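Here's the structure we're looking at; comments come further down.
The values are calculated or read from the model by the stated rules, or taken from the named source; none is laboratory data. Being a predicted model, the structure only gives us computed values, none of them experimental. We place every Cβ from the backbone using ideal geometry, glycine too, and count neighbours over all the protein chains shown. These area figures cover heavy atoms from the full protein model, side chains too; ligands, DNA and RNA do not enter into them. Shrake-Rupley method; radii C 1.70, N 1.55, O 1.52, S 1.80 Å.
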Amino acid sequence: MTFTAAAIAEELRGEVVGDGTVLLGGLATAERARPGDLTFAEKDSYFAAAEASAASAILVAGPYTSATKVIIRIPNARVAAARVLALFFPADEPAPGIDAGARVAPSAAIHATAHIGPGCVIAAGVTIGARSMLAGGNHIGCDCRIGDDAHLYPHVVLYPRTQIGHRVSIHAGTVVGSDGYGYVFDQGRHLKMPQVGNVIIGDDVEIGANTAIDRGALGSTVIGEGTKIDNLVHVAHNVIIGRHCLIMGQVGFAGSTQLGDYGVIASQSGIAGHLKLGRQVTLGGKSGVMRDVPDGETVLGFPAAPDKQAKRQWIAIQKLPEMILRLRELEKQVAALSAQAPP
């Protein structure tokens, strides 16, 4: 799809500087841009690269001008780039209807505008909202509820009683509502504790591929509105994740932990069970969290510590080889002095 620079500026509520009739058909980085492309720049070095590129126009957030490029000036270049990508590459909208290869229980309620792909199994009591899409091979357990405009990509599985909000995207291979990991030790064996809760996912959540979210043992595992979860994440039973959090790849939450709104959890972090992580906390990559984290705090390392403390520890560890050599030299000097001392 192509748009004039003026049309894009209007869509982004920005301002055109230069020829607003220039046609633009895509967004590219400066090094890959071709004539007819739009690129973006957030600072001086990026703008210099964008101006030297083959792109026809540049999205900028600042007082930049160019003698050779059309400028589209907006408040935030990166946000504008995300919005314009959706303009150039609109999401696929599959045709409404139920594929002949799907198996749907008679008591399921599926909106007429929803799309149910081949190989889907939809159990009794399921409700699916307007314009929602099941791409194919999805298994939806009894009494699940899926809101409007939800997208479940191939082989996503929802266990019984899972609740999915509006505009939720769940990528391929993810399992929502599987058994939590709960056992009690009895007479020399591990006895399974039945997991009888469910999972509740709020509006505007996105969940990456091959993620597992366990249902509550009692009560619900909850993913808050607007939270974005990356691939290969595990959320254990009765975890509560707040609104608008960012959870990156290969993170694991043990059971009954709570994360406040706007938390950021970097890749390969592990969070022990029954902890409380406050609002706007940040966990650095590979953090191992063994204690509560108060609001607004950033922690790093294993075991995780406040960021300034962790950095001091890392610097001290880097000095250990030198300190060991100095200690050995001091021990030699002490031994020599002891040998020279009178009895």
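Restricting to strands (runs of 3 or more DSSP E) lying wholly in the stretch 126-228: which have 3 or more residues that are farther than 19 Å from His111 by Cα and out of contact with any Phe, Trp or Tyr (no Cβ under 9 Å at 6 or more places or on another chain)? Lay out the reasoning, then the answer.
Values: elements: 175-178, 183-186, 189-192, 198-201, 212-214, 220-223.
By residue number, 183-186, 220-223.
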>> Of the conditions (1) free of Cβ contacts under 8 Å to residues at least 40 places away in the same chain; (2) open to solvent by less than 60 Å² (accessible area, probe 1.4 Å); (3) small (Gly, Ala, Ser); (4) closer than 20 Å to Tyr64 by Cβ, Ala9 satisfies every one except a single condition; which number is it?
In response: (1)
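State whether one or more residues within the stretch 290-307 are assigned to a helix (DSSP H, G or I), farther than 18 Å from Gly270 by Cβ and open to solvent by less than 100 Å² (accessible area, probe 1.4 Å).
Here is the first cut: in the stretch 290-307, the ones assigned to a helix (DSSP H, G or I) are 307.
Applying the additional criterion that residues be farther than 18 Å from Gly270 by Cβ yields none.
Among the residues of the stretch 290-307, not one is assigned to a helix (DSSP H, G or I), farther than 18 Å from Gly270 by Cβ and open to solvent by less than 100 Å² (accessible area, probe 1.4 Å), which makes the answer no.
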> Mind checking which pairs have a first residue in the stretch 29-41 that is over 10 Å from Ile58 (Cβ atoms) and a second that is β-branched (Val, Ile, Thr), Cβ under 9 Å, 6 or more apart or different chains?
Replying inline: Thr29/Thr39; Arg32/Thr39; Gly36/Thr2; Gly36/Val22
>> Conditions first: (1) farther than 20 Å from Thr221 by Cα; (2) polar (S, T, N, Q); (3) surrounded by 21 or more Cβ atoms within 10 Å (Cβ to Cβ). Gln187 passes all but one, so which condition is the exception?
In response: (3)
>> among the aliphatic types (A, V, I, L, M) and within 30 Å of Ile140 (Cα to Cα): which single residue out of Ala30, Ala61, Ala86, Ala57 fits that description?
In response: Ala86
> Has the stretch 208-230 got any residue that is within 14 Å of the chain's Cα centre (by Cα), among the basic types (Lys, Arg) and surrounded by fewer than 22 Cβ atoms within 10 Å (Cβ to Cβ)?
Replying inline: yes
>> Can you tell me which residue is surrounded by the most Cβ atoms within 10 Å (Cβ to Cβ) among those in the stretch 231-243 that are assigned to a loop (DSSP other than H, G, I, E, B) and not basic (Lys, Arg)?
In response: His237
